[in-house]
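Below is one structure, written out as structure tokens; the observations come after it.
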Amino acid sequence: MFITQYCRAILKMSTLPIVVVLGATGTGKSKLSIALAKRFEGEVINADSMQVYRGLDIVTNKITDAERAECPHHLLGFLDPLRMFHVFDFQEQCLSIVERLAEQKKLPVIVGGTHYYIESVIWNVLLANNREDSEQEKVETSSGSDDLIGEFPREHLLDPLTHLTYVPTLELHGLLKSVDPETADTLHPNERRKILRSLQVFASHKKRHSELIAAQKAEAGGSSLGGPLRFPNAVLLWLQCDEDVLDERINNRVDQMVEAGLVDECRNFHKSVASHKSELDYTKGIFQSIGLKELHDFLMLSPEDQESEQGQKYLEEGLQNVKARTRKYAKKQIQWIRNRLLKRSDRQLPHVFGLDATDLSRWPEVESKAFEIVDTILSAKKPSVEPLPQEFRAEDVRSTNVCKVCERVFVSGNQWKEHLSSRFHKKRMNKQRKKLHALEVRRERPTALQTVPEPS
Ligand SMILES: [Zn+2]
């Protein structure tokens, strides 16, 4: 019964029109999404992992209250800053909003720079630690604590950040090898995060990760990266911008944030949180926002020291780092779009339309082009603009190869091939050959020990 319900839900979703606004930070995504929502009776769903949190409005670059009032927004600034929010939380909540909007005949406009959030929604991606699964597991495991995988309680594999921090990666790789040798073979013994994820999948689904991926591949349009597109009717709009122009825009934006009170905002947040926590972890939740970590040295100073020459130096350095990290983040975002949305291996890809947002004085043209694309697709016509071309990419075959000569491990087939023809490897091979040769020569020549005494 569950299966048919699930199929029906998928079938219903697959015909939905849905708009996704993509692009690097600072390209005008929020502005375009609001314009689209107003034009097509839509509602905006935020897909920025930092903007889901309440507070730090300047640091996380949230829209203003006035902008927010222009159309309904979802998943924006609703979460307590000390709570965790994972990609499967986003997937679950976003999909239920999309479904609700569809019933009301409203257009969902998903916008945000956290691309793995967007990926979890537009494709049928398998996510480790689906919360329902793990809750069910908790109930099951509470009845008996002898549920072990290798030497580890299943619970520990489900929550590795709490329980497995001190377990060496090599040991985890060994465990994965024993439960899911096929997946272990495709992972480097150093790839801790991926190893943990596969162990988590095994612990929560009670199935090997390799098995589940094979099932995804078997679905029409599926690939090793995940299942087929959930919304074949999705329209993806990519706001593009010349890189130098974007760099400058980002620098200016950080200056504007400072004028708007960025430093005070960080100071207040730091003060309110530091009293709760003995140690700040900048790898979790809202603490990952660009700005907090960069201003850490400055924020740790007393109010008087912040005003001192040294304090002002820390502040200046911190702000330079905020700019640098934001520029780097923007480049990563663009790379993601190119690699995941425009390079085809065996994965089904959505149509992505490019919109040039380099010259902000021509913004009205960007909007009208976006309107035309969405309008034609909603009325099942072909837009006059072509989607961006898709490149073909040969898929890398992953399996473990060990070079005993160089004592190195390779899991990428391409890197293994590269290594075998590299100068580094050839040099080592030559050295090894000479050594072996020398040994053989020595063995052939009888040594004093080997000479047999003459019979007398
Ligand atoms: Zn080698």
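The values are calculated or read from the model by the stated rules, or taken from the named source; none is laboratory data. Owing to the predicted nature of the structure, the values given are computational and were not obtained by experimental measurement. Every residue, glycine among them, receives a Cβ derived from its backbone with ideal geometry; neighbour counts consider all protein chains shown. Note: accessible area is taken over every heavy atom of the protein model, side chains too, but ligands, DNA and RNA are not part of it. Shrake-Rupley method; radii C 1.70, N 1.55, O 1.52, S 1.80 Å.
From the list Leu170, Leu176, Leu199, Leu157, which one is surrounded by fewer than 18 Cβ atoms within 10 Å (Cβ to Cβ) and outside the structural domain of Val411 (by TED's automatic domain parsing)?
From the options Leu170, Leu176, Leu199, Leu157, the qualifying one is Leu170.
Inspect all residues belonging to the stretch 347-362 and state whether any of them is in contact with a Cys (Cβ under 6 Å, 6 or more places away or on another chain) and in the same structural domain as Lys382 (by TED's automatic domain parsing).
Taking every residue of the stretch 347-362 in turn, at least one turns out to be in contact with a Cys (Cβ under 6 Å, 6 or more places away or on another chain) and in the same structural domain as Lys382 (by TED's automatic domain parsing).
Would you say Ala324 is among the small types (Gly, Ala, Ser) and touching a residue at least 12 places away in the same chain (Cβ under 8 Å)?
For Ala324, the condition - among the small types (Gly, Ala, Ser) and touching a residue at least 12 places away in the same chain (Cβ under 8 Å) - is not met.
How do the strands (runs of 3 or more DSSP E) wholly within the stretch 326-425 filter down when requiring 3 or more residues that are polar (S, T, N, Q), over 21 Å from the mean Cα position of the chain (by Cα) and closer than 30 Å to Lys217 by Cα: which remain?
Output list reads 398-403.
Given the condition of a type outside the set (Phe, Trp, Tyr), at positive phi, assigned by TED's automatic domain parsing to the domain that holds Val109 and more than 16 Å from the ligand (Cβ to nearest atom), answer yes or no: does some residue in the stretch 377-384 qualify?
Within the stretch 377-384, one or more residues are of a type outside the set (Phe, Trp, Tyr), at positive phi, assigned by TED's automatic domain parsing to the domain that holds Val109 and more than 16 Å from the ligand (Cβ to nearest atom).
Looking at the stretch 108-118, which of the residues that are in contact with a helix residue (DSSP H, G or I) (Cβ under 7 Å, 6 or more places away or on another chain) and at pLDDT 90 or above is farthest from Asn233 (Cα to Cα)?
Among residues in the stretch 108-118 that are in contact with a helix residue (DSSP H, G or I) (Cβ under 7 Å, 6 or more places away or on another chain) and at pLDDT 90 or above, the one farthest from Asn233 (Cα to Cα) is Tyr117.
Starting from residues that are more than 11 Å from the ligand (Cβ to nearest atom) and small (Gly, Ala, Ser), keep the ones in the stretch 416-454 and report whichever is modelled with the lowest pLDDT.
Ala448
Being within 16 Å of the ligand (Cβ to nearest atom) and open to solvent by 70 Å² or more (accessible area, probe 1.4 Å), is that true of even one residue in the stretch 394-402?
yes
With the checklist (1) under 23 Å from Ile337 (Cα atoms); (2) buried (at least 19 other Cβ atoms within 10 Å of the Cβ) in hand, flag the one item Leu56 doesn't pass.
That leaves (1) as the condition not met.
Inside the stretch 268-287, can you point out the residues that are at pLDDT 85 or above and open to solvent by 40 Å² or more (accessible area, probe 1.4 Å)?
Selection gives Asn268 alone.
How about the stretch 403-415: which of its residues are of a type outside the set (A, V, I, L, M, F, W, C) and within 10 Å of the ligand (Cβ to nearest atom)?
The answer is Lys404, Glu407, Arg408.
Checking the conditions here, which among Asp133, Asp80, Asp57 is at pLDDT below 95 and in contact with a Ser or Thr (Cβ under 8 Å, 6 or more places away or on another chain)?
Result of the check over Asp133, Asp80, Asp57: Asp133.
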